[in-house]
1. Tell me which trypsin sites (Lys or Arg not before Pro) from the range 1-98 have a DSSP coil assignment and no more than 13 other beta carbons within 10 Å of their own.
2. Distances over 33 Å make up what percent of all Cα-Cα pairs in the range 7-213?
3. Give the lysines whose C-alpha is closer than 26 Å to that of residue 26, dropping any in the same chain fewer than 8 places away, or say none.
4. Assuming a ≥ b ≥ c are the square roots of the Cα gyration tensor eigenvalues, decide whether the range 80-151 counts as rounded (a/c under 1.5), prolate (otherwise, with a/b larger than b/c) or oblate.
5. Would you work out the charge dipole size for the range 140-214 about its Cα centre, treating the Cβ of every Lys and Arg as +1 and the Cβ of every Asp and Glu as -1, and quote it to the nearest 20 debye?
Amino acid sequence: MEIKLNDPILTENNTEAQKVREKLKKLNLFAINMMASPGAGKTSLIIALLKSLPKELKAGVIEGDVASSVDTDKIISLGWPAFQINTSGGCHLTASMINKAIDQLGISGPGILFIENIGNLICPTEFDLGENIRIVLSSVPEGDDKPVKYPGIYQKAHAIVLNKIDYMIHSDFDLASFIKGTKLTNETAPLFKVSSKTGEGIKELSNWIVSNML
């Protein structure tokens, strides 16, 4: 007999995720669960997207970190509302955390809520946060093998983003191999190649996000 210890935890989380969905719908907010390993550039990408969104859309950020409020402080200093969740060692956010954070953030739409998950390519995979879409972010300095090494998180992505493409000329990153890996794990998710530093590809990703709100 197989005993699945995570089943009660996931069931409870899924129930809470549905509450989050209902709350987001009432607030007219479109939520994006941004997932990546540490250092892939989640915060920089979120900031670049915040700057590129249509002015009529409201936007806010829930930041997940093991500790500190560095990223939240940066976003607030740039003029956007943000709320910090510190997990004190936990490797992923939960729907319950998001439900409480939405109340604390205090924004309503029409607009977008970015959720920056904990930097990890394994733990966040199974935890529904009540989001509308999941974006999985990889970066050139990490190497081209992430989709085949961590297929689970890529399989559940609505879009895959390759960040820091401005580093491409300084590395042996094999773009063809990366693309092949993404197609092996997820045939339907679009791939966006971006640089949060130079702005390349950001508008295309922003337009795709807005189109999915309709």
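Taken together, the values in this text are just the output of simple stated rules run on the coordinates, not laboratory data. Nothing here was measured: the structure is a model prediction, and the numbers come from that model. When we count neighbours, we look across all protein chains shown, and the Cβ atoms used for this are built from the backbone with ideal geometry, even at glycine.
1. Loop-located and lightly packed - 4, 55.
2. The share of Cα pairs beyond 33 Å in the range 7-213 comes to 9 percent.
3. 51, 55, 58, 100, 156
4. Here the range 80-151 falls in the prolate category.
5. Here the size comes out at about 220 debye.
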